[in-house]
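Following: one structure in structure tokens, then a few remarks.
The values are calculated or read from the model by the stated rules, or taken from the named source; none is laboratory data. All figures in this text were calculated on a predicted structure; none of them were measured in a lab. With ideal geometry, Cβ positions are generated from the backbone for all residues, glycine too; neighbour counts draw on all protein chains shown. Note: areas computed on protein heavy atoms with side chains; ligands, DNA, RNA excluded. Shrake-Rupley method; radii C 1.70, N 1.55, O 1.52, S 1.80 Å.
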Amino acid sequence: MQLTSRNKNLDLSTPQVMGILNVTPDSFSDGGKFNRIDYALNHVESMLQAGTSIIDIGGESTRPGAKEVTLNEELDRVVPIIEAIRQRFDCWISIDTSKAQVMKEAVSVGADLINDVRALQESNALEVAAKANVPICLMHMQGQPRTMQNQPNYNHLIQDVSDFLNERISACENVGISRQQLILDPGFGFGKTLEHNYQMLAEFEQFHQFGLPVLAGMSRKSMIFNLLGKPPAECLAGSLACATIAAMKGAHIIRVHDARETAEVVKIYNMVLQQSK
Ligand SMILES: Nc1nc2[nH]c(S[C@@H](C(=O)O)c3ccccc3)nc2c(=O)[nH]1
């Protein structure tokens, strides 16, 4: 299994690490734009040196309760950084956004992958994604970030999430996006209770039913820090445990903050995989 974007291929026969580059203002110590880009480039370089294949850039904090980010604010955050990374590195760049215009401009300045936590449901997103002709990650979310954690409920969790992903695959195919461009993601932490998240991890193999790459994003999330009773920044061990389990359950892309350590987990996993063939 592999992904193609422009002139790039990404081999998915072993798990690939997607490193998170958070470019919301609270992720930078100072406000200076140059510092922000310089800081980001240094962070990207260290993630790439550690074995990260994809840099995921998000300008909208989807934190529960977060206030909406305007289009121009999101563009101002992500476009300059994508341009700077594109000039300097030939890595995969994914844009973590739900706004059609942000997708369009991000791809035009070099993003190779659209990562949409709202699975192209916002206005014009399907049409823009179809024209962009790059791989797209479709993620499941119940409700909206502001309220999604109030009372998550499902008839049959895995079936409900799978039905949603299936419907989004059809919506993409209806606008000419081929299945081969799609990546699926059950959306850990997006409208799920602690138990829901661990049930999805326990039954993660179910999401291979579509024959498409599957992405797992659990790094430093509430399913870890609430269980361990620690702040997110102290959840490296928990995040690595989730990454290891996801890799063993066939995750093709693992989205993390701690890229270096996760790349080491994948190296160990690949060695074990080699021995079992
Ligand atoms: N495809 C894909 N994209 C993603 N973007 C994010 S934002 C998330 C975080 O903790 O990073 C988050 C959630 C809530 C608040 C802040 C940040 N999570 C995913 C994911 O799980 N899958």
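Total residues in segment 180-204 satisfying the condition of being under 18 Å from the mean Cα position of the chain (by Cα) and of a type in the set (D, E, K, R): the figure is 2. Flag not set for Tyr198, criterion: in contact (Cβ under 8 Å) with a residue 24 or more places away in the chain, open to solvent by 40 Å² or more (accessible area, probe 1.4 Å) and touching a His at 6+ places or on another chain (Cβ under 9 Å).
Matching residues to (1) at pLDDT below 95; (2) closer than 24 Å to Val256 by Cβ; (3) among the aromatic types (Phe, Trp, Tyr):
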| residue | (1), (2), (3) |
| --- | --- |
| Ile82 | no, yes, no |
| Arg86 | no, yes, no |
| Asp90 | no, yes, no |
| Met103 | no, yes, no |
| Asn115 | no, yes, no |
| Glu127 | no, no, no |
| Ala132 | no, no, no |
| Leu138 | no, yes, no |
| Arg146 | yes, no, no |
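Taken as a whole, the structure places Val102 among residues that are touching an Asp or Glu at 6+ places or on another chain (Cβ under 9 Å), buried (at least 20 other Cβ atoms within 10 Å of the Cβ) and part of a helix (DSSP H, G or I). Do we have Gly189 as over 29 Å from Asp112 (Cα atoms) and buried (at least 17 other Cβ atoms within 10 Å of the Cβ) here? Answer is no for this residue.
Only one of the numbered conditions (1) within 10 Å of the ligand (Cβ to nearest atom); (2) in a helix (DSSP H, G or I); (3) of a type in the set (Val, Ile, Thr) is not met by Ile169, and that is (1).
For segment 133-164, give me each residue that is part of a helix (DSSP H, G or I), in contact (Cβ under 8 Å) with a residue 24 or more places away in the chain and surrounded by fewer than 23 Cβ atoms within 10 Å (Cβ to Cβ). If the condition is that a residue be part of a helix (DSSP H, G or I), in contact (Cβ under 8 Å) with a residue 24 or more places away in the chain and surrounded by fewer than 23 Cβ atoms within 10 Å (Cβ to Cβ), then Leu157, Ile158, Ser162, Phe164 are the ones that fit.
Results for (1) within 16 Å of the ligand (Cβ to nearest atom); (2) open to solvent by 20 Å² or more (accessible area, probe 1.4 Å), shown as yes or no for each residue.
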| residue | (1), (2) |
| --- | --- |
| Glu60 | yes, yes |
| Leu71 | no, yes |
| Val78 | yes, no |
| Ala84 | no, no |
| Gln87 | no, yes |
| Ser94 | yes, no |
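One residue stands out among those in segment 107-149 that are within 13 Å of the ligand (Cβ to nearest atom) and of a type in the set (Gly, Ala, Ser): the one that is nearest to Gln87 (Cα to Cα), which is Ala119. Within segment 201-224, the set of residues being buried (at least 17 other Cβ atoms within 10 Å of the Cβ), of a type outside the set (D, E, K, R) and outside any helix (DSSP H, G or I) comprises Leu212, Pro213, Val214, Leu215, Ala216, Gly217, Met218, Ser219.
Conditions tested, residue by residue: (1) at pLDDT 95 or above; (2) part of a strand (DSSP E or B).
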position	(1), (2)
Thr4	yes, yes
Leu10	yes, yes
Ser13	yes, no
Met18	yes, yes
Asp26	no, no
Asp30	no, no
Asn35	no, no
Tyr39	no, no
Ser46	yes, no
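Can you pull out the residues in segment 122-132 that are part of a loop (DSSP other than H, G, I, E, B) and in contact (Cβ under 8 Å) with a residue 24 or more places away in the chain? Once the filter is applied, which keeps residues that are part of a loop (DSSP other than H, G, I, E, B) and in contact (Cβ under 8 Å) with a residue 24 or more places away in the chain, segment 122-132 yields Glu122, Asn124.
From Tyr198, Tyr269, which residue is touching a helix residue (DSSP H, G or I) at 6+ places or on another chain (Cβ under 7 Å), over 21 Å from Met139 (Cβ atoms), at pLDDT 95 or above and in a helix (DSSP H, G or I)? Step by step, each of Tyr198, Tyr269 is checked, and only Tyr269 is touching a helix residue (DSSP H, G or I) at 6+ places or on another chain (Cβ under 7 Å), over 21 Å from Met139 (Cβ atoms), at pLDDT 95 or above and in a helix (DSSP H, G or I).
This table checks each residue for (1) surrounded by fewer than 20 Cβ atoms within 10 Å (Cβ to Cβ); (2) aromatic (Phe, Trp, Tyr).
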| position | (1), (2) |
| --- | --- |
| Ser239 | no, no |
| Ala263 | no, no |
| Tyr269 | yes, yes |
| Leu273 | yes, no |
